[in-house]
Structures are given as structure tokens and as C-alpha cells.
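The values are calculated or read from the model by the stated rules, or taken from the named source; none is laboratory data. Owing to the predicted nature of the structure, the values given are computational and were not obtained by experimental measurement. Cβ atoms come from the backbone with ideal geometry, glycine included; neighbour counts cover every protein chain shown.
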Amino acid sequence: MSAKPFPSIGIHLGVSEADYHAQGHEQGMLSKSLLWKFLQSPYKWKFGPGFKSTRGMAVGSLRDCLVLTPSAYAEDFVISPYDAFRTNEAKAWKESTEKGGKTIVTQKEVDEAQAAVGKIRSHSIAGSILASAATQVSVVIGGTEQQTKEKFRCKCRIDILPDANGPYKDWIFDLKITNSIPFFGKIVAQFGYEVQAALYIDVYNLVADENRTKWGFILQEDTAPGEVAVMELDPEDIAAGRETYLKALALWCQCARDNNYPSLYEDEIGMVKRPNWARKGEDQ
């Protein structure tokens, strides 16, 4: 582990959510989420609306906290004493609480999250993985991008890092809530979780001087009965994710160096056509 405080290069335990997320591109720090969004469109990333959290994200963060860093619950969350925020008193309390950095939740949401966490910990495989793993491990690396020769720093926050001497020594795990375990592969593609897997594996291995190769998901469905599964990401997808993040990193370094964030539609006239269902029967 790093002897220097976060965000110095190294491996860091006990970094709060607020401190971790305070380090963004404005401070010269890259991340998977930045690279993934940037690759979709540098123009939209630069000039589009900022990030907005949703209620679902808040509930997901609550479950993550209870599984991975339960000691931080009181610091990060507070149960609302109000059923709604219609009165001036309630509105003032909400504004003050959110300015203080806490996420407001309901007692029902906490009860449901605790029940869900119990199912994760009682799962035969997921429970054994968590029992001997470090959680919320923050890692920072510095380097030089090969194509542009630009220097960069990158961070990642590993949900579950198994003991290097245990049965899962080759693995890194991520905790995800999903609406469907059987269709989770589509969610991987939609949000670029293969990019996260490759980036986190590479960053961790370089800093820790290890050779972990496997990426797993501890999944839980967000509807009753909250079924739990442990899944491994296909190594071919990890390899594809590596190609993607390297491409995104090169593009970021080039755009940041030149202070130019191009639109995908700047240099050519595109083609638009109706979908196949609208053309059905026209060739007959």
C-alpha cells in the first residue's frame, strides 16, 4: 500500500467516496467513466450537460456501502425524518443535508438494502469471496501515452480485491445491481464494463506488481427475491476492453493537448436511412 496519501500514485485503503470523486479531470485525473464517455463523443463530453445523479443511483450506492464499507454508512447517508419535502422546514433540512455531502434515504430503502445485503453475504460463493477480501481499494497510476507521448494519471476504485494468497488470488470482483442476471451481458456492452475490467486489471497489476487476469461480477437483481449470482467476464471481452480504453486514452491525450474536442459529424456527410422494418415489402 502507498505510504503517501491519496491521490498519490499507489494503492490506497480507506479513501472516502467524497475524496475519491473529488479527483477528476480538472485535477488531471482520468477514470474509466471519463474515458468511456469521452470515446462516445469528445464534443458531447466537453460541451454537454454535466452529470446528474438519480434516485436509483442513490439506492445502489446505499447497497454498495452496506456491502463494501458499512462503517461509512453513518458518514455518507441519513434517514429522512420527513415523508415529503413540501414544507419550508423540510426543504431547508433537505438542502442543508445535501450541502453537507450526505445522501438522503428512507427507512424503507435502508430496510430493503439490508435485506438484500444479507442475501449477498449468505450466498455460498459471494459470501466466501467477501469474507477475505479488501474492499473499495483506490489505485492511482501515472504514465505516458504511447501515441501522443503525453503524460497522464488515472484512478480506479476496486470494489472487491481478494486476498493475494487465497483461492481467488487471480481475480478482481465488481458488485453490480441489475434488473436481469441472464441478460447482464447486454448491460456490460451498454455501459462498457469490459473497459472497466481491462483498465482496473492493468492499473492494479502495474502498481501492485501482480498478475491478476480474471474479472468477476457479484450480481444481484433489483427486484424480489433479489437473486444473487457470481459471473466471470469472458477473457475475450477483457481483451476487447483493453483495446477500447487504450484508444480512448490516446484520443483524450490528443484532444487535451490540442484543446480541440471534435464532433463525430464534422468531416463528412453521413447517410441516414429508414430501418428494415419500415422497408419491409417494398422490394416485392
Open item on the list: What's the total number of residues in region 104-133 that are in a strand (DSSP E or B) and either among the small types (Gly, Ala, Ser) or at pLDDT 95 or above (or both)?
Closed with: 1
Open item on the list: Name the residue that is surrounded by the most Cβ atoms within 10 Å (Cβ to Cβ), counting only residues in region 210-225 that are in a loop (DSSP other than H, G, I, E, B) and modelled with pLDDT of 95 or more.
Closed with: Arg212
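Yes or no, residue by residue, for (1) at pLDDT 95 or above; (2) of a type in the set (Val, Ile, Thr); (3) crowded, with 17+ Cβ neighbours inside 10 Å:
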{"site": "Glu98", "(1), (2), (3)": "no, no, no"}
{"site": "Thr135", "(1), (2), (3)": "yes, yes, yes"}
{"site": "Glu150", "(1), (2), (3)": "yes, no, no"}
{"site": "Pro162", "(1), (2), (3)": "yes, no, yes"}
Task: Residues located in region 146-165, provided they are closer than 21 Å to Gly14 by Cβ, touching a helix residue (DSSP H, G or I) at 6+ places or on another chain (Cβ under 9 Å) and free of Cβ contacts under 8 Å to residues at least 60 places away in the same chain - done: Ile158, Leu161, Pro162, Ala164
Task: Residue that is under 21 Å from the mean Cα position of the chain (by Cα) and either within 28 Å of Phe6 (Cβ to Cβ) or not basic (Lys, Arg) (or both), where the choices are Ala115, Ala72, Ala131 - done: Ala72
Task: Within region 44-91, considering residues that are in contact with a Leu (Cβ under 7 Å, 6 or more places away or on another chain) and not hydrophobic (A, V, I, L, M, F, W, C), the one farthest from Phe191 (Cα to Cα) - done: Tyr73
TODO: Within region 34-55, track down each residue that is assigned to a helix (DSSP H, G or I), free of Cβ contacts under 8 Å to residues at least 24 places away in the same chain and either closer than 24 Å to Ile104 by Cα or among the hydrophobic types (A, V, I, L, M, F, W, C) (or both).
DONE: Arg55
Task: Residue list for region 74-93, restricted to those being surrounded by 15 or more Cβ atoms within 10 Å (Cβ to Cβ) and in a helix (DSSP H, G or I) - done: Asp76, Ala90, Trp93
TODO: Return the residue satisfying two criteria in turn: it lies in region 218-251 and is more than 18 Å from the chain's Cα centre (by Cα) and among the β-branched types (Val, Ile, Thr), and of such residues it is nearest to Arg121 (Cα to Cα).
DONE: Val228
Task: Residues of region 189-201 satisfying the condition of being closer than 12 Å to Ile158 by Cα and not aliphatic (A, V, I, L, M) - done: Gln196, Tyr200
Task: Exclusive hit being buried (at least 16 other Cβ atoms within 10 Å of the Cβ), part of a helix (DSSP H, G or I), among the β-branched types (Val, Ile, Thr) and touching a Gly at 6+ places or on another chain (Cβ under 6 Å), set Val195, Val188, Val203 - done: Val195
Task: Failed item in (1) free of Cβ contacts under 8 Å to residues at least 40 places away in the same chain; (2) more than 25 Å from Ile11 (Cα to Cα), with Ala113 passing the rest - done: (1)
TODO: Please name all residue pairs, on different chains or six or more residues apart, with Cβ atoms under 9 Å, provided the first residue is in region 243-265 and is free of Cβ contacts under 8 Å to residues at least 24 places away in the same chain and the second residue is charged (D, E, K, R) and exposed (fewer than 15 other Cβ atoms within 10 Å of the Cβ).
DONE: none
TODO: Just need a number here: residues in region 238-253 that are of a type outside the set (A, V, I, L, M) and closer than 12 Å to Thr144 by Cα.
DONE: 1
Open item on the list: Can you tell me which of (1) hydroxyl-bearing (Ser, Thr, Tyr); (2) closer than 30 Å to Lys119 by Cα; (3) exposed (fewer than 15 other Cβ atoms within 10 Å of the Cβ) is the one Ser263 doesn't meet?
Closed with: (2)
Task: Where Asp19 falls short, out of the listed (1) part of a helix (DSSP H, G or I); (2) among the charged types (D, E, K, R); (3) more than 21 Å from Ile104 (Cβ to Cβ); (4) over 14 Å from the mean Cα position of the chain (by Cα) - done: (3)
Open item on the list: Here are the criteria: (1) crowded, with 18+ Cβ neighbours inside 10 Å; (2) of a type outside the set (Ser, Thr, Tyr); (3) touching a Phe, Trp or Tyr at 6+ places or on another chain (Cβ under 8 Å); (4) more than 25 Å from Gly60 (Cα to Cα). Tell me which single one Ile141 does not satisfy.
Closed with: (3)
